[in-house]
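Visitor: There's a structure below that I have some questions on.
The values are calculated or read from the model by the stated rules, or taken from the named source; none is laboratory data. Values in this document were obtained by computation on a predicted structure and should not be read as measured data. Positions of Cβ are generated from backbone atoms using ideal geometry, with glycine treated the same way; all protein chains shown enter the neighbour counts. Remember, those area values only see protein heavy atoms, side chains included, never the ligands or the DNA or RNA. Shrake-Rupley method; radii C 1.70, N 1.55, O 1.52, S 1.80 Å.
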Amino acid sequence: MLQRLYDILYKFKEYAILSVLILISFVLLAMNDNPQIKQIRSISTVIFGEVQEQLSFIPTYFGLKAENELLHHINIELADEAQRLREAKLENIRLRQLLGLKDQLPFKLIAARVINKNLTLLRNTITINIGSNDSVQQYMPVISDGGLVGIVINVTRHYSIINILLNTEFRVSGKVQRSRVDGIVMWDGKTLDLKNVPKMRDVKVGDVVTTSEYSNTFPPDIRIGLVGEVREQPSSLFKSITIEPGADFVKLETVFVMAYAQDKERVVLEQRTGPRTGK
């Protein structure tokens, strides 16, 4: 060990000698009471103080950085808490709206959560978290606070699949609430339309469209949406009427299944007699 230390000192002997001489010089300067040396010491003290003052921002910088990180962490926690409170408030508003809807309808409503959506297809559907164990049956209507959502097409014990308005296989008899004009509501893959309305019928933009009495699958007067556009085509006997659905399927989270069953006697009678007038 000593030999290794000796080898290192021998290798850097010039630097070692210089360091010793500088140390001796500082000691002699400190012990010397010569007025010139005192002046040099005073100047050195002032210079050292100035340098120290200029470098004092370094610990302050690191202290501020740590404080900023702490404040940033607290800000994230507060933002998260505020978001949870906003979500709780919105949930409360949705539940109040849905409870108000429940009070208005004469049929039993079964609440459900939307757990999956297909909104980019021609045959769009949603999946809800209730099924036959909750008394859900095939062909029961499904609504939300915005209006008609669709119809139950498949049921298991705990889940159900809903054909929504935006499905090319979906049909419902609809009517214009103001003028009582009726037609068939259907989606063509791009727009939701009210079909089979003659040109002379009174339909205006902004009119409310609801389910009609002609439907055996849906009870009457369930809101479907608003008339968004009315066009007349020279080559057609019917108006081209576009509907803006009341239900917002992108934001849809909570729905109600209506305990409304088809009138089997009516279904059998109409099937036996001829084509049904509505769906």
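Visitor: Over all directions, the average projected area of the alpha-carbon convex hull for the range 171-279 comes to how many nm²?
Guide: If you wrap the Cα atoms of the range 171-279 in a convex hull and average its projections, you get 8.2 nm².
Visitor: If Lys and Arg each add +1 and Asp and Glu each add -1, what is the summed charge of the other residues whose beta carbon sits under 11 Å from the beta carbon of A112? Mind showing how you got there, number by number?
Guide: On the way: positive: R113; negative: D134, E253.
That sum, taken over residues with Cβ under 11 Å, equals -1.
Visitor: Could you give the accessible area per residue of the range 138-279, probe 1.4 Å, as a whole number in Å²? Provide the component values of the computation, followed by the final result.
Guide: Values: 7230 Å² over 142 residues.
Dividing the accessible area of the range 138-279 by its residue count gives 51 Å².
Visitor: If you don't mind, another one. With all protein chains present and a 1.4 Å probe, how do R272, R123 order by accessible area, largest first? Show your work: numbers first, answer last.
Guide: Details: R272 175, R123 145 Å².
The ranking, largest first, comes out as R272, R123.
Visitor: For T168 and T254, FRET efficiency with R0 = 22 Å and r from the beta-carbon atoms, rounded to 0.05? Intermediate results must be reported in sequence, preceding the final value.
Guide: Values: r = 26 Å, r/R0 = 1.16.
Step by step, r from the Cβ atoms, then E = 0.30.
Visitor: Nearest 20 debye, what's the magnitude of the dipole of the range 163-231 about its Cα centre given +1 on Lys and Arg Cβ and -1 on Asp and Glu Cβ?
Guide: Numbers: 11 positive and 9 negative charges, 44 e Å.
Dipole about the Cα centre, nearest 20: 220 debye.
Visitor: Residue by residue through the range 113-122, which ³J(HN,Hα) values in whole Hz follow from phi under the Karplus form 6.51 cos²θ - 1.76 cosθ + 1.60 (θ = phi - 60°), with glycine and proline marked x?
Guide: My calculation for the range 113-122 gives 9, 7, 10, 7, 9, 10, 10, 10, 10, 6 Hz in order.
Visitor: If you add up the charges near V136, with Lys and Arg at +1 and Asp and Glu at -1, over every other residue whose beta carbon is less than 15 angstrom from its beta carbon, what do you get? Before the final figure, lay out the partial values.
Guide: Values: positive: K108, R113, R157; negative: D134.
Here the count lands on +2.
Visitor: Tell me which residues come under 5 Å, amide H to amide H, from T168 once H is placed; ignore anything under 5 positions away on its chain.
Guide: R123, N124
Visitor: Sticking with this structure for a sec: Before anything else, pin down the relative contact order of the range 167-279: Cα pairs under 8 Å, at least 6 apart, normalised by residue count, whole percent.
Guide: On the way: 218 pairs, mean separation 27.3, N = 113.
Reported relative contact order: 24 percent.
Visitor: Moving on to the next point. Report the full-extension gain for the segment L269 to T120: residue separation times 0.36 nm, less the Cα-Cα distance, to one decimal in nm. Please report the intermediate quantities before stating the final value.
Guide: Working: separation 149, 0.36 × 149 = 53.64 nm, distance 3.78 nm.
Taking L269 through T120 to full extension adds about 49.9 nm, to one decimal.
Visitor: Using Cα pairs under 8 angstrom and six or more residues apart, how large is the relative contact order of the range 104-258, in percent?
Guide: Numbers: 401 pairs, mean separation 37.5, N = 155.
In percent, rounded to a whole number, it is 24.
Visitor: Which length gain, in nm to one decimal place, applies between T127 and F107 when the Cα-Cα distance is subtracted from 0.36 nm times their residue separation?
Guide: Values: separation 20, 0.36 × 20 = 7.20 nm, distance 2.19 nm.
Taking T127 through F107 to full extension adds about 5.0 nm, to one decimal.
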